[in-house]
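The values are calculated or read from the model by the stated rules, or taken from the named source; none is laboratory data. Keep in mind it's a predicted model, so treat the numbers as computed, not measured. Cβ sites come from the backbone with ideal geometry, for glycine too, and all protein chains shown count toward neighbours.
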Amino acid sequence: MKEYTEPILAIDETIDLHRTSSWLIENKIEAFLDAAVVKHRKRVLIIHGIGRGVLRQITWDYLSTSPYKSIYYYATRSYGGYGATVVELL
């Protein structure tokens, strides 16, 4: 039987939203993505934690309308699993 190996993702930038007020999340994500695009980053990681899911919901709501993303999805276990989101930029 072959052993499972997680795919290795090349993450170019990371932001951790823990301890950020929910009303600041969208501004913080927007500034982070702006900077990543200017620096020609292709894949970034947003750490929002699991908790009650409030930060993840705000993050995904924002990303659903973001002009910068091509796709976003939960990170692999080694990058935080359900507590983080990978964003692939255009």
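Residues of the stretch 77-86 being surrounded by 14 or more Cβ atoms within 10 Å (Cβ to Cβ) and either small (G, A, S) or part of a loop (DSSP other than H, G, I, E, B) (or both), which ones? Scanning the stretch 77-86 gives G80, G83, A84. Restricted to the stretch 31-76, and to residues there that are part of a helix (DSSP H, G or I) and exposed (fewer than 11 other Cβ atoms within 10 Å of the Cβ), the residue that is nearest to the chain's Cα centre (by Cα) is S64. Within 13 Å of the chain's Cα centre (by Cα) and either modelled with pLDDT under 95 or more than 17 Å from L90 (Cβ to Cβ) (or both): is that true of T20 in this structure? No, not satisfied. For the stretch 9-58, give me each residue that is touching a helix residue (DSSP H, G or I) at 6+ places or on another chain (Cβ under 8 Å), in contact (Cβ under 8 Å) with a residue 40 or more places away in the chain and within 17 Å of T76 (Cβ to Cβ). Answer for the stretch 9-58, where residues must be touching a helix residue (DSSP H, G or I) at 6+ places or on another chain (Cβ under 8 Å), in contact (Cβ under 8 Å) with a residue 40 or more places away in the chain and within 17 Å of T76 (Cβ to Cβ): L9, I11, V44, L45, I46. In the stretch 1-17, which residue that is surrounded by 13 or more Cβ atoms within 10 Å (Cβ to Cβ) and either in a strand (DSSP E or B) or at pLDDT below 90 (or both) is farthest from the chain's Cα centre (by Cα)? My answer is L9.
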